[in-house]
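Written below as structure tokens is the structure these notes are about.
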Amino acid sequence: MTRTLHGKVHGRTIELDEDLGVAEGQEVEVQVKIVPAAPPKKATMSEGLAKIYEILGERYDSGCPDIAERHNEHQP
């Protein structure tokens, strides 16, 4: 019988994802193939956060080359 199963190594023990289906104590031969790690998932942004970034990314078209000079317009 030859089967391909997946599992994880914990020290000298291999934890299989499914039952092997052989009797307890049965001698087996194992060939190990290293499975490359999956690339990390790209973090997704919520719709609300995407809107905030969109708003913050817009350039305020004031006509002033230096917006800092308008910092106190709200002052009397």
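Computing FRET efficiency as 1/(1 + (r/R0)^6) for Leu56 and Asp17, where r is the C-beta to C-beta distance and R0 is 30 Å, gives about 0.10. Per the Kirkwood formula applied to alpha carbons, segment 1-47 shows a radius of gyration over Rh ratio, Rg over Rh, of 1.17. Summarising the label geometry, the points placed 7 Å from Cα in the beta-carbon direction at Gln75 and Thr44 lie 4.7 nm from one another.
Each reported figure results from applying straightforward, stated rules to the coordinates on display, with no laboratory input. Please read these numbers as outputs of a predicted model, since none were measured by experiment. No Cβ is skipped: glycine too gets one built from the backbone with ideal geometry, and neighbour counts run over all protein chains shown.
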